[in-house]
Amino acid sequence: MSPLFWLFAAAAGGYLGLCLLLFLLQRRLIFRPTAGRLDPARLAGLGAFRLIETTTADRLRLAHLWLPPAEGGRVLVACHGNVGNGGERAAKLCGALPKGQGLLLVEYRGFAGNPGSPSETGLAADAASALDWLEGRGIEAGRIVLYGESLGSGVVTRLAAERAAGGRAVAGVVLEAPFTSIAAVAQRRHWYVPALWLVRDRFDSLSRIGRQGAPLLILHGRRDRVVPYAMAERLLAAARPPKRLVTLDQGHHSDLYDFPEVPAAVAGFLSGQAGWPASTPAAGRQSGGAAGSLAAAPAGED
């Protein structure tokens, strides 16, 4: 056989080897927890956080950070991105949290000392266990707003759609720097391999967002190089009203809370305002339908 054949065979073998390596290592590339456990004492300046424990459908016992609301107050249930832990998001979210509302920082399996290994199905079960814990304490779906940051947007979109299908639609959904799917993000980043076919944990938000059944607020920066801004536009188009996209012209992937209109938009959404501030700084714009009012529903609290 000619040298050209062997050259081609070697190149093909190397390419297939690369694809196999990416397939085998994909969860290490997607899920990147940091060492250390959750510590409410580190958040003492933000409020009376405490640790709570939930049990997932597959019997994992997970720790989460919990800031209780005032009686009858809403609860923001936050699912963080693929790096770090929920406690690292407490400061920015507390800064947008209206007085009297609670915050549950969902912690995933394999993160912050929790047992188990992360996967799409696993993270969905982890977040579902947090909502079940709330509902077991008299905080029904009508008082719960889901918040998903980056990877967490995929968790939240799936959870909201599943709850709506079961007749337990939440009061609202906030997505920070969301993607249409992890597979689409991976294909964009690793254009030289068939990532669309290799990704197991797809987090396909685009196919689910039309079924999530709650008012929707999307936050995204035009300069995001991790998740393209166009993905936020596609999600907005696929979602049912009421919905709103807050655009940060100078915003990147992880700095959206550096722009004052973002915490203002989140606070307005959580407090049930029908719209956002009439004047917005030049760095940001808003598009889409009105967010709608999230009327408070009184319920018991322990």
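For residues in the stretch 178-223 being more than 16 Å from the chain's Cα centre (by Cα) and within 20 Å of Phe259 (Cα to Cα), which is surrounded by the most Cβ atoms within 10 Å (Cβ to Cβ)?
So the residue we want is Arg222.
Has the stretch 92-104 got at least one residue that is under 30 Å from Val199 (Cα atoms) and either at pLDDT 95 or above or not in a loop (DSSP other than H, G, I, E, B) (or both)?
yes
Could you please find all residues in the stretch 61-87 being in contact (Cβ under 8 Å) with a residue 40 or more places away in the chain and either in a strand (DSSP E or B) or among the acidic types (Asp, Glu) (or both)?
Arg61, Leu62, Ala63, His64, Leu65, Glu71, Val75, Leu76, Val77, Ala78, Cys79, Val83
From the residues in the stretch 40-59 that are in a loop (DSSP other than H, G, I, E, B) and closer than 23 Å to Ser150 by Cβ, which one is modelled with the lowest pLDDT?
Leu46
Considering every residue within the stretch 196-206, establish whether at least one is small (Gly, Ala, Ser) and out of contact with any Ser or Thr (no Cβ under 7 Å at 6 or more places or on another chain).
Looking for residues that are small (Gly, Ala, Ser) and out of contact with any Ser or Thr (no Cβ under 7 Å at 6 or more places or on another chain), one finds none in the stretch 196-206, hence no.
Condition check ((1) outside any helix (DSSP H, G or I); (2) in contact with a helix residue (DSSP H, G or I) (Cβ under 8 Å, 6 or more places away or on another chain); (3) among the β-branched types (Val, Ile, Thr)) across all residues:
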{"site": "Pro118", "(1), (2), (3)": "yes, yes, no"}
{"site": "Gly138", "(1), (2), (3)": "yes, no, no"}
{"site": "Val156", "(1), (2), (3)": "no, yes, yes"}
{"site": "Leu159", "(1), (2), (3)": "no, yes, no"}
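For Leu123, state whether it is part of a helix (DSSP H, G or I) and within 18 Å of Thr34 (Cβ to Cβ).
When the stated conditions are applied, Leu123 passes them.
Return the residue satisfying two criteria in turn: it lies in the stretch 162-177 and is assigned to a loop (DSSP other than H, G, I, E, B) and either in contact (Cβ under 8 Å) with a residue 12 or more places away in the chain or buried (at least 21 other Cβ atoms within 10 Å of the Cβ) (or both), and of such residues it is nearest to the chain's Cα centre (by Cα).
Within the stretch 162-177, the match that is nearest to the chain's Cα centre (by Cα) is Ala177.
So which of Leu159, Leu134 is farther than 19 Å from Ala96 by Cβ, surrounded by 20 or more Cβ atoms within 10 Å (Cβ to Cβ) and under 13 Å from the mean Cα position of the chain (by Cα)?
Result: Leu159 is the single residue among Leu159, Leu134 that is farther than 19 Å from Ala96 by Cβ, surrounded by 20 or more Cβ atoms within 10 Å (Cβ to Cβ) and under 13 Å from the mean Cα position of the chain (by Cα).
The values are calculated or read from the model by the stated rules, or taken from the named source; none is laboratory data. A quick note: this is a predicted structure, and the numbers were derived from the prediction, not measured. Don't worry about glycine lacking a Cβ; one is built from the backbone with ideal geometry, like all the others, and counts go over all protein chains shown.
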